[in-house]
Amino acid sequence: MIIVLKPGFTEDQLKHVTDRIEEMGFRHEVSRGEQRTLVGVIGDEAKLRNAPLKAIPGVEDVMGILKPFKLASREFRQQPSIFDLGHGVKIGGGHLILIAGPCAIEGEEILYDIARQVKAAGANVLRGGAFKPRTSPYSFQGMGEEGLKLLRKVGDELKMPIVTEVMDPRQVELIDRYTDMFQIGARNMQNFNLLSEVGQTKRPVLLKRGMSASIEDLLMSAEYILASGNQEVILCERGIRSFDKSTRNLLDLAAVPNLHGLSHLPVVVDPSHATGRPDLIPSMSLASIAAGADGVHIEVHSCPEKATSDGPQALLPKQYAELVKQMKSLATLMGMTIDPLPA
Ligand code: PEP
Ligand code: MN
């Protein structure tokens, strides 16, 4: 449910509204727009159906939201959300981010080498997995905390915000000490305990779409994080399962404008996991920007044949640099800004 306040409402009236909501056992989130201020009521809407909220001074209207996601919805926040990732990098509302790095953190030298090259190419966020969700229990599972330390160190040296995956609610506290942004992978998109746990932190969360998740499933997962108090969720389209084996997954590019229509949250596209094919990544990256994406997430490795994870889909640093030139031209054409990193 959304409560629309009258223009010129007073802060006392707003407080009265939020106190009343809390009194009735609900939580709230205030959205101050340029034109209007809205109060989102969080809880089971059915219990509020007959409450005379419109009678509260300063309230203009009370609207039920038909969609099951509320805080994530366009109705709740009309303007696109913009989040600060650190080192002057923003995402959303015209700020495009370029996330790049290896699938897994493998060692300091190789991580530094890849990071330095993607930064020189124009990437403004560094990625790397320390805890890897591998399909086989016999595959490399990641360097763990040692890997987090390396990612933090390299991110600090190069002044790049970093993002790394969290797989388990028990890892949230540890990873929170190192990262700038959490990643929740496709396999964990509906790990509701994990969503609630990162929802209690203050860091942006890159939430990847599950392999068989609908657009509504993705937004409901975002809602878990938002309803736990963390307003900084970035949605990520990374391909869904299909019958066709010629690409790793099927990139749903329409998800970008589709999500933008339904939600104020920024949307990133990951053509690396979506296609699994370096030959398709450049065209799909450009298509993502053309579709309105707020970020492009690409795996880069300086020696893909030696990579411990996802080597076959990695771009070489020089292929990435070539692609960034094209992405920059397109971004300019689209009126988007890619925030530069400090030297
Ligand atoms: C990854 O980013 O390396 C990853 C495992 O992604 P996804 O969860 O999309 O498969
Ligand atoms: Mn990967």
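Miscellaneous remarks
- For the chain, the longest principal axis of the C-alpha atoms and the axis of helix 145-158 are separated by about 90°.
- Relative contact order for the chain: 17 percent, from Cα pairs under 8 Å spaced at least 6 residues apart, divided by residue count.
- Within the range 180-229, trypsin sites (Lys or Arg not before Pro) in DSSP loop having at most 11 other beta-carbon neighbours inside 10 Å: Lys202
- In the chain, the longest principal axis of the Cα atoms and the axis of helix 317-333 are about 40 degrees apart.
- Within the chain, the longest run free of exposed loop sites, counting chymotrypsin sites (Phe, Trp or Tyr not before Pro) that sit outside DSSP helix and strand states (H, G, I, E, B) and have at most 16 other Cβ atoms within 10 Å, spans 1-137.
- Entries in Lys119/Lys202; Lys208/Lys245; Lys67/Lys202 that, when Cα-Cα distance is taken, lie over 23 Å: Lys119/Lys202; Lys67/Lys202
- Sparse-neighbour loop sites [GluC sites (Glu not before Pro); the range 34-88; at most 10 other C-beta within 10 Å; DSSP]: Glu34
- Counting only alpha carbon atoms, the long axis of helix 11-23 and the longest principal axis of the chain meet at about 80°.
- By definition, a body whose alpha carbon gyration tensor gives a ≥ b ≥ c is rounded when a/c is under 1.5, and the range 83-333 falls into this rounded group.
- Comparing mean-square fluctuations of Ile298, Ile184, Ile21 from a GNM of the chain with C-alpha springs under 10 Å, the top value falls on Ile21.
- Karplus 3J(HN,Hα) series, Hz, for the range 270-281 with 6.51 cos²θ - 1.76 cosθ + 1.60 (x for Gly, Pro): 10, x, 5, 6, 5, 9, x, 10, x, 5, 9, 5
- Since only Val62, Met24, Gln35 are under comparison, the one whose Cα sits farthest along the positive direction of the charge dipole of the range 2-63, derived from C-beta charges on Lys, Arg, Asp and Glu, is Val62.
- Annotation: amide H-H contacts under 5 Å for Ile240 (H modelled 1.01 Å from N, sequence separation of 5 or more, or interchain): Leu250, Leu251, Asp252.
- Assuming charge only on the beta carbon of Lys and Arg (+1) and of Asp and Glu (-1), the dipole of the chain about its Cα centre is about 360 debye to the nearest 20.
- Bridge type composition, the chain - antiparallel percent by DSSP, nearest 5: 40 percent
- Rolling a 1.4 angstrom probe over the protein heavy atoms with all chains in place gives the chain an accessible area of 43 Å² per residue.
- Loop-located trypsin sites (Lys or Arg not before Pro) in the range 145-185 whose Cβ has at most 12 other Cβ within 10 Å (DSSP): Arg177
The values are calculated or read from the model by the stated rules, or taken from the named source; none is laboratory data. These figures come from a predicted structure and were not determined experimentally. Note: ideal-geometry Cβ built from the backbone for every residue, glycine included; neighbour counts use all protein chains shown. Heavy atoms of the whole protein, side chains included, go into the accessibility calculation; ligands, DNA and RNA do not. Shrake-Rupley method; radii C 1.70, N 1.55, O 1.52, S 1.80 Å.
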